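Quick notes on the structure that follows.
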Amino acid sequence: MSDDAVLATRRLRLKIALEELREMKGFGTELVTIIIPPDRQVSDARSLLQNEHGQAANIKSKGTRKNVQGAIESALSTLSKYKNAGENGIALFVGSIIIGNNKNKMVNIVIEEPPQSLISFRYRCDSVFELTQLEDMLVDKKSYGLFVIDRSEAAFGLASGKRIHVQEHLVSNIMGKHRQGGQSAQRFERLIEEAAHNFFKRATEHACSYWLPNLDNIQAIIIGGPGATKDFVVKNDYFHHEIGKKIAKTTFDVGYSNDSGVRELVENAGKMMGEIELDAERQVMNEFLAELVKPHPKAAYGEKMVREALEQGAVGRLLISEGLRKKTITFQCGSCSNEWTVSVGRTDPTPKCPSCKASSDGGKELSSISIIEELGALAAKSNTEIVYISVDTEEGSQLLLGFSGLAGICRYPMM
């Protein structure tokens, strides 16, 4: 796997883990966070935890004392498996989390090989996990400002990495170009132009207020719209002077001045936005979609078909949606001891035993692995290139919703 693919895998793995960790809550200060940067010894963390375990004996609440000491013991057991913190450090999250109906369960989550080096050592007990350092790793520092406008509406936002964020959509109150009774044409025209001026000023002020705090990371401001308004706004200095210095010389024609227009602007300005990966992943998706309509397509989609193609070594490029949140879980029935394996989404109900139809609530989860990790391991066996597709483009949404988040461009026809 190339360095870029390894980094992309680590980023997606971290993104999924953070989604789960953010949702976890404890009854009190029972959740333990340990962050060990690469220049810190694991033995230092173990010594600290042993000391904290002794201090926890002084906690007055019996339940809290039991949960905190249990979390520290679990953390110590986990850290005993590591000689050092590795190239980028280790983050460990342990504690008794609330799962509903006044119940709780112990979790122990390790994030090793994060996409960037952890900066500083942290030990914290709280009702939530400390995630700041890890969340910063997913922030794309280099970005492009996006702004679309006409006389009726405007929208603006940012594009960075694989993400398009539309911050605000504004609608003008400019009157139409028809005559109003009792008003001269000249006066009516003046009122229209005054309303247009106020709208242009309001839209650009909102956009500048959003961009200015992060201006150092913005590579350029790209302007678009369906008519001549976009050029009028740029030429007449409606933007803050610091923003004006970063406005790209080329403006782009787009069909709308709303959220759709912002996304179309990214498509039209793709070559200008050198740091943005959306254009490259759009090309990969278009290659897959073009393959599908051929008489003998070299393509596969959906979990079952993609898995079979990977097992045959037929997939040249594996396309995985960043929105895919399924796991392959092996259960053992509590009633008949039957074992079965099934793929389930994060919010899907736990399936019943296929043998005796008993609920799996009384059963046991023997193993669990994310589909992304599982298929990634299969891809590595046949030197398959993995491409992660965001959900911020129309093509990316189509992969997730229309093809179950999985597709493959194959080495030979599969259909």
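The values are calculated or read from the model by the stated rules, or taken from the named source; none is laboratory data. Since the structure is predicted, the reported quantities are computational estimates derived from the model, not experimental observations. As a convention, Cβ positions derive from the backbone with ideal geometry for all residues, glycine included, and neighbour counts pool all protein chains shown.
Condition check ((1) on the phi > 0 side of the Ramachandran plot; (2) loosely packed, with under 13 Cβ neighbours inside 10 Å) across all residues:
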site: K357; (1), (2): yes, yes
site: G363; (1), (2): no, no
site: S367; (1), (2): no, yes
site: I371; (1), (2): no, no
site: L375; (1), (2): no, no
site: L378; (1), (2): no, no
site: D392; (1), (2): no, no
site: S397; (1), (2): no, no
site: L401; (1), (2): no, yes
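Just for helices (runs of 4 or more DSSP H) wholly inside region 1-92: which have at least 2 residues that are among the hydroxyl-bearing types (S, T, Y) and out of contact with any Phe, Trp or Tyr (no Cβ under 8 Å at 6 or more places or on another chain)?
Numbers: elements: 3-23, 42-55, 62-79.
Here the list reads 42-55, 62-79.
Being under 28 Å from R10 (Cα atoms), of a type outside the set (A, V, I, L, M, F, W, C) and touching a helix residue (DSSP H, G or I) at 6+ places or on another chain (Cβ under 7 Å) is true for just one of E130, E168, E113. Which residue is that?
On the way: E130 fails: touching a helix residue (DSSP H, G or I) at 6+ places or on another chain (Cβ under 7 Å); E168 fails: under 28 Å from R10 (Cα atoms).
None of the others qualify; the one that does is E113.
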**OP:** Identify, from the list G224, G270, the residue that is in a strand (DSSP E or B) and not β-branched (V, I, T).
**Re:** G224
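Name the single residue, out of those in region 83-110 being touching a strand residue (DSSP E or B) at 6+ places or on another chain (Cβ under 8 Å) and free of Cβ contacts under 8 Å to residues at least 12 places away in the same chain, that is nearest to I35 (Cα to Cα).
Let us first name the residues in region 83-110 that are touching a strand residue (DSSP E or B) at 6+ places or on another chain (Cβ under 8 Å), namely 85-86, 89-99, 104-110.
Among the residues that remain, those that are also free of Cβ contacts under 8 Å to residues at least 12 places away in the same chain are: 99, 105.
Values: I99: 25, K105: 22 Å.
Among them, the one singled out is K105.
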Subject >> Lone unmet requirement of (1) over 18 Å from Y238 (Cα atoms); (2) surrounded by fewer than 21 Cβ atoms within 10 Å (Cβ to Cβ) for L170 >> reply: (1)
**OP:** Kindly indicate the residue of region 101-136 that is among the small types (G, A, S) and closer than 29 Å to A5 by Cα and also surrounded by the fewest Cβ atoms within 10 Å (Cβ to Cβ) among those meeting that condition.
**Re:** S120
Original post:
Of the residues in region 356-415, how many are farther than 17 Å from E303 by Cα, out of contact with any helix residue (DSSP H, G or I) (no Cβ under 8 Å at 6 or more places or on another chain) and of a type in the set (S, T, Y)?
Top reply: 4
**OP:** Restrict the check to region 342-355 and report whether at least one residue is modelled with pLDDT under 85, closer than 27 Å to V306 by Cβ and part of a helix (DSSP H, G or I).
**Re:** no
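Hey, does region 232-248 have a residue that's buried (at least 19 other Cβ atoms within 10 Å of the Cβ), in contact (Cβ under 8 Å) with a residue 40 or more places away in the chain and farther than 17 Å from S172 by Cα?
Just the residues of region 232-248 that are buried (at least 19 other Cβ atoms within 10 Å of the Cβ), to begin with: 233-234, 238-239, 243.
Then drop every residue that is not in contact (Cβ under 8 Å) with a residue 40 or more places away in the chain, which leaves 233, 243.
When the remaining residues are screened for being farther than 17 Å from S172 by Cα, the result is 243.
Yes: one or more hits.
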Original post:
So which residues in region 111-167 are free of Cβ contacts under 8 Å to residues at least 40 places away in the same chain, assigned to a strand (DSSP E or B) and closer than 30 Å to C208 by Cβ, if there are any at all?
Top reply: H165
Original post:
Within region 387-409, how many residues turn out to be assigned to a loop (DSSP other than H, G, I, E, B), more than 17 Å from V306 (Cβ to Cβ) and not β-branched (V, I, T)?
Top reply: 2
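Please find, within region 319-341, the residue that is surrounded by the fewest Cβ atoms within 10 Å (Cβ to Cβ) out of those that are out of contact with any Asp or Glu (no Cβ under 7 Å at 6 or more places or on another chain) and outside any loop (DSSP other than H, G, I, E, B).
Restricting attention to region 319-341, the residues satisfying the condition of being out of contact with any Asp or Glu (no Cβ under 7 Å at 6 or more places or on another chain) are 319-327, 333-341.
Those left that are additionally outside any loop (DSSP other than H, G, I, E, B): 319-321, 326-327, 339-341.
Values: L319: 28, I320: 25, S321: 22, K326: 19, K327: 18, E339: 14, W340: 17, T341: 10.
Result: T341.
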